[in-house]
């Protein structure tokens with residue numbers, strides 16, 4: 001949960017780098033919260049209102065952590081736009097998110113593996 005909160009604290013920070021663990025733990029907790037809200041919505045009869053608010057509230061942090069993850073693989077944050085290409089764009093982004101980041105410093109900052117993990 002600390003990884004999720006760490007991304008929320010960097011709400012709109014597009015500079016720097018994000019390691020794989022930070023990105024994938026954020027995605028995991030995002031999915032778990034979305035599933036939980038969907039169950040609550042189905043029990044209460046809301047038609048996607050809570051899930052929509054979650055998606056809207058976490059849109060900017062999701063984009064920011066994705067851009068920082070791209071920076072970790074030494075790619076520009078503009079690569080996020082390839083996600084708009086149907087089917088192929090999603091696969092390319094998925095591969096980029098799974099790749100190991102560049103070791104040592106790159107043009108986007110220092111290696112996040114060498115920095116301390118969130119408490």
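None of the figures in this text is laboratory data; all of them are computed from the coordinates on show. Note that the coordinates shown come from a computational prediction; the quantities given were computed from them, not determined experimentally. Here the Cβ is made from the backbone with ideal geometry for all residues, glycine too, and neighbour counts use every protein chain on show.
Of everything in the stretch 76-119 that is touching a residue at least 12 places away in the same chain (Cβ under 8 Å), out of contact with any helix residue (DSSP H, G or I) (no Cβ under 6 Å at 6 or more places or on another chain) and closer than 14 Å to residue 15 by Cβ, the residue that is surrounded by the fewest Cβ atoms within 10 Å (Cβ to Cβ) is 107. When 42, 38 are checked against the criterion of being free of Cβ contacts under 8 Å to residues at least 40 places away in the same chain and exposed (fewer than 12 other Cβ atoms within 10 Å of the Cβ), 42 stands alone in meeting it. For the stretch 74-94, the count of residues that are part of a helix (DSSP H, G or I), farther than 15 Å from residue 27 by Cα and within 13 Å of the chain's Cα centre (by Cα) is at least one.
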